[in-house]
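Working notes, beginning with the structure itself.
The values are calculated or read from the model by the stated rules, or taken from the named source; none is laboratory data. Keep in mind that this is a model prediction, so the values were computed, not measured. Virtual Cβ from ideal backbone geometry, glycine too; neighbours counted across all protein chains shown.
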Amino acid sequence: MKIRDRVKELRLVKASELVPNPKNWRTHPKAQQDALRGVLAEVGLADACLARELPDGSLMLIDGHLRAETLGDGDVPVLVLDVNEAEADKLLLLLDPLAAMAGTNATTLAELLRGVATGEQSLAEMLEDMAADAGIIPRDSTAAESTPAEEGDEATCRCPRCGAAVGEDAE
């Protein structure tokens, strides 16, 4: 099978200048918006939006609508693809569901969770949900609690079920 490289270039673009795709079928609940803001605050931008160039030179989003909305007038990296409208529609339809098809290795996830620190409540809740979904911890309606480790330190988030710490000072 011959695989074509459809990436034309990487551009840094004002997020507000990207054209939202009117066919975008994905919605972004508050928990997802909060988690994205949390990871942007703790890590920064570490992924590019996908777009195709329209005849007038503007860029229409294929993937990254929430990032673009969240960043407003801030700059965002964009992979400009050499795809037509039908191919862009196919990517818009399939990228997220394709990623969602991945399975979970609970042992590896548990090890990774033990080593990740966050002071963001939204991320702590997301990580707890991931652990519960994988059967690592029991599902509980109580969300992770954020408590200061020591004065001046970043918050340490604790799982309310098992007490495991996730934070800058967690081991």
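Name every residue in the stretch 1-39 that is assigned to a helix (DSSP H, G or I), closer than 27 Å to Met126 by Cα and either more than 19 Å from the chain's Cα centre (by Cα) or β-branched (Val, Ile, Thr) (or both), in order of residue number.
First, pick out the residues of the stretch 1-39 that are assigned to a helix (DSSP H, G or I): 15-17, 30-39.
In the following step, the residues that additionally are closer than 27 Å to Met126 by Cα were identified as 15, 30-39.
Of everything in the stretch 1-39, just one residue is assigned to a helix (DSSP H, G or I), closer than 27 Å to Met126 by Cα and either more than 19 Å from the chain's Cα centre (by Cα) or β-branched (Val, Ile, Thr) (or both), namely Val39.
Conditions tested, residue by residue: (1) in a helix (DSSP H, G or I); (2) touching a Leu at 6+ places or on another chain (Cβ under 8 Å); (3) on the phi > 0 side of the Ramachandran plot.
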residue: Pro77; (1), (2), (3): no, yes, no
residue: Val80; (1), (2), (3): no, yes, no
residue: Val83; (1), (2), (3): no, yes, no
residue: Leu92; (1), (2), (3): yes, no, no
residue: Asp96; (1), (2), (3): yes, no, no
residue: Thr108; (1), (2), (3): yes, no, no
residue: Leu113; (1), (2), (3): yes, yes, no
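For every residue, the table says whether it meets (1) among the β-branched types (Val, Ile, Thr); (2) touching a Leu at 6+ places or on another chain (Cβ under 9 Å); (3) exposed (fewer than 12 other Cβ atoms within 10 Å of the Cβ).
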| position | (1), (2), (3) |
| --- | --- |
| Leu10 | no, yes, yes |
| Glu17 | no, yes, no |
| Arg37 | no, no, no |
| Leu40 | no, yes, no |
| Ala48 | no, yes, no |
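Does Leu127 satisfy being part of a helix (DSSP H, G or I), more than 15 Å from the chain's Cα centre (by Cα) and of a type in the set (A, V, I, L, M)?
no
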message = Taking the condition of being assigned to a strand (DSSP E or B) and farther than 12 Å from Val19 by Cα, how many residues in the stretch 50-75 meet it?
response = 1
message = Looking at Asp73, Asp82 in this structure, which one is in the same structural domain as Lys23 (by TED's automatic domain parsing), within 19 Å of Gln33 (Cα to Cα) and either in contact (Cβ under 8 Å) with a residue 12 or more places away in the chain or exposed (fewer than 13 other Cβ atoms within 10 Å of the Cβ) (or both)?
response = Asp73
message = So, Ala46, is that one assigned to a loop (DSSP other than H, G, I, E, B) and either among the aliphatic types (A, V, I, L, M) or touching a Cys at 6+ places or on another chain (Cβ under 9 Å) (or both) or not?
response = yes
